[in-house]
Structure formats: C-alpha cells, structure tokens
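The values are calculated or read from the model by the stated rules, or taken from the named source; none is laboratory data. Please read all numbers here as calculations on a predicted model, not as lab measurements. No Cβ is skipped: glycine too gets one built from the backbone with ideal geometry, and neighbour counts run over all protein chains shown. The protein model used for the area step is the full one, side chains on, heavy atoms only, and it has no ligands, DNA or RNA in it. Shrake-Rupley method; radii C 1.70, N 1.55, O 1.52, S 1.80 Å.
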Amino acid sequence: MRIAVIGQQDFGKAVLEAFRARGDEVAAVFCAPEKEGARPDALRAAAEEQGLKVYQFKSLRAPEAAQALVEAKADIGIMAFVLQFAPQEFVSIPEHGTIQFHPSLLPKFRGPSSINWPLIKGETETGLSIFRPSDGLDEGAVILQKRTPVSAEDTLGTVYFDRLFPLGVAAMLEAADLVVAGKHREVVQDETQASYEGWCREGEARINWANHVDFIHNMIRGCDPAPGAWTTCGGEKLQLFGSKKHLVRTFGAVRGKVGEVIAVSPTSMFITAQGGQIEISKAKLGSGKKDSPGELEIAAGTILGG
C-alpha cells in the first residue's frame, strides 16, 4: 500500500521502518518541527536518510499541510505518536482515511500521559487502541485493541518499551491492512466508560509521604523513568526509581516516621510510609546522576519531603 506517516520520535520511526520493511511505499512523512536546541527528531532523521519526502508544518491546519497530503496520493494515513492537532479536513484526505495509535484501552485514559496514569491508579491491565482520529481528543471510533496485564512491579518503562511499543507497531500494520482491505469494524466509544487524564509532569509526580504505601509505590513506578516521582532531601530534589513495597501485617510493626529513611545499604534505601516501607534501588539527587542509594550519602534517620 501507499502510506503517509504522521508522527515523531522513536515510535514514529519504528512504524515507518516496519511498513517499509514489508515493502509498503511511503509517499510522505509529516513531523512536528523540533524546538530550538532539541535533539533531531528520530522519525525525521530516519526519513531523510532514506530519501523520503518530509514535511514539518507548525500546524496541520495549514492549507499547505492539506495540499502536501493531497499530493502524496496515499491509500491511508498512519498517525504514530502525534502531539499536533490533526483536523478532519486533513485526516480524511487519504483514500481510506487515517488511523491513529493511542497507548490505552480507549475510552479509558484519553489524554497525553495515558501510560503513566493506569500504573499510578493501580490498574492491573492496560493496552493500546488503533482508532479513527476525530476533532475530539482520542474520541474517534476504535478499529483494533491489544491488551496486556500490569503486574505490581511493572513500571512505565517495562509496560511501554517491553510491550506497548512493539505491540503498537504490529497493531498499526494489522489495522492498516484491515482498513485498506475493507475488513475492519469501527466501534463507537462508550462515553459512559470514558476518562480523560492530563499530563503527568513534575507537578503531578511529587510524592506525599502521608499517603499509603500502595499509592506511593504506584506513583513511583508510574513515573519510572519519566517524569520521575520526586521528593526533597535537605532542600534538594530527590527522584526515586526502582520501587518495591513492603507491607506491615501487625500493630506497631511500622518503624520510623512517614517519609523517614530507616535503612540504607549499598543497593537499597528503605523509607517509611503509611502501612509499610518503600524500598528504592535507584535515586537521583539534585543535578547529579541516577545512582544506587549507597552512593548518594543519604543517612538513615533523614526525613524526606520536609
């Protein structure tokens, strides 16, 4: 088939390469312009290296963007990790329209941080959706979904890189084939089951040590590796990674105050929370590097978040 890829970064690059590897023709690639000083976009760089036609419009609403897609004469548009708004007059141009990837089981967890929030909320299952882009955010009809379980030890990194990333690339190929062959179904999203979650950024990733150990563990793993759940230590920002939780079972078994570092070894740091302790295997203090807790010289008895 002849496709137009609209996307960015490593996922967009992987989708581009997957279609080309099986012999599909890439008529055009649309990437958002890089911000000043940012590293080169992986999709743009790969497309240019392969001699493909690349467009970088500030807005996909621009008449020039629509004209470029018209001239591409694509069978289908492939939206792979797109943060720009794509209006209906743009996505409807290819002969079979456009399909879009979203890393959640729509209609749940619409929005830009849809991998973080299921983990933060303690969900035991997540997945991905391939859907028709509409003028509403992640609201279009669903064509294909893939599911994956989420364990209590999963992090954003393991869920995305180990599962949703490769599953998503394969699902884009599968959905494109179904649509172009006219064998797909489009299921309207059930609005009674819908939820929208905004960005999970620094402000949302701050740890409240008065919360239960379950919530703190989920916050850390849902922000690992990005944006990095954090607290403060001696007035400096301290990001925590590699969380394990240890529940207490009997009255009086909780040691120390909430937020207190109760033990430090070369490989772990134990912090008290309501109902147990959090064990941390990696941390980053201030502008330093991510390291094992024993290298950070944080002493037992330190109160975090004060």
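Couplings 3J(HN,Hα) for the range 167-181, derived from phi with the Karplus relation 6.51 cos²θ - 1.76 cosθ + 1.60 (θ = phi - 60°), are 4, x, 4, 5, 5, 5, 5, 4, 5, 4, 4, 5, 5, 5, 7 Hz, where x marks Gly and Pro.
Note on the chain: semi-axes of the ellipsoid equivalent to its C-alpha gyration tensor, largest first and rounded to whole Å, are 43, 21, 15. Projected label points at Glu295 and Glu236, each 7 Å from Cα along the beta carbon direction, are separated by 1.4 nanometres.
Taking every alpha-carbon pair within the range 101-159, the share separated by more than 15 Å comes to 43 percent. With helices as the sole contributors, the chain gives -6500 deg cm²/dmol at 222 nm; each DSSP H run of n ≥ 4 counts as -39500 (n - 2.57), and the sum is divided by every residue. For the range 49-96, what does the alpha-carbon gyration tensor say about shape, rounded, prolate or oblate, given a ≥ b ≥ c as the root eigenvalues, a/c under 1.5 as rounded, and a/b over b/c as prolate? Rounded. Using the structure shown, list the pairs from Lys108/Lys244; Lys13/Lys289; Lys121/Lys284; Lys35/Lys108; Lys108/Lys245; Lys244/Lys290 with a Cα-Cα distance above 21 Å, or answer none. Beyond 21 Å between Cα atoms: Lys108/Lys244; Lys13/Lys289; Lys121/Lys284; Lys35/Lys108; Lys108/Lys245.
Sparse packing (at most 10 other Cβ atoms within 10 Å of the Cβ) combined with a DSSP loop state is found for the following trypsin sites (Lys or Arg not before Pro) in the range 170-201: Lys183, Arg185. Bridging of Lys237 to aspartates and glutamates at a Cα separation below 13 Å is possible for Glu202, once same-chain residues fewer than 8 apart are set aside. Volume per residue for the range 180-239 equals 158 cubic angstrom (convex hull of Cα atoms). In loop segments of the range 216-306 as defined by DSSP, the chymotrypsin sites (Phe, Trp or Tyr not before Pro) with at most 16 further C-beta atoms inside 10 Å of their C-beta are Phe251. Rolled with a 1.4 Å probe across the full set of protein chains, the surface gives His212 an accessible area near 70 Å².
Given axes a ≥ b ≥ c from the Cα gyration tensor, I'd like to know whether the range 199-303 is rounded (a/c under 1.5), prolate (a/b larger than b/c) or oblate. Here the range 199-303 falls in the oblate category. Note on Ser195 and Lys73: their simple-model spin labels are 4.7 nm apart, each label 7 Å out from Cα toward Cβ. Loop-located GluC sites (Glu not before Pro) in the range 180-274 (DSSP state other than H, G, I, E, B) with a sparse environment of at most 14 neighbouring Cβ atoms within 10 Å: Glu186, Glu202.
If you average 1/r over every pair of different alpha-carbon atoms in the range 158-197 and take one over that average, what Kirkwood value in Å do you get?
Numbers: mean 1/r = 0.0808 Å⁻¹.
Kirkwood radius, the range 158-197: 12.4 Å.
Label-to-label distance, Phe251 versus Val187, with points set 7 angstrom from Cα along the beta-carbon direction: 5.0 nm. The alpha carbon gyration tensor of the range 1-65 gives principal lengths a ≥ b ≥ c with a/c of 1.5 or higher and a/b no greater than b/c, which makes the shape oblate. Placing +1 on each Lys and Arg Cβ and -1 on each Asp and Glu Cβ, with no other charges, gives the chain a dipole about its Cα centre of roughly 660 debye. Can you tell me, using C-alpha contacts under 8 Å and at least 6 residues apart, the relative contact order of the chain as a whole percent? It rounds to 13 percent for the chain. Only one residue of Trp230, Gly275, Ser287 has its Cα farthest out toward the positive end of the dipole of the range 222-306, where Lys and Arg carry +1 and Asp and Glu -1 on Cβ, and that residue is Gly275.
If you take all other residues with their beta carbon under 13 Å from the beta carbon of Ala45, and give Lys and Arg +1 and Asp and Glu -1, the sum is -3.
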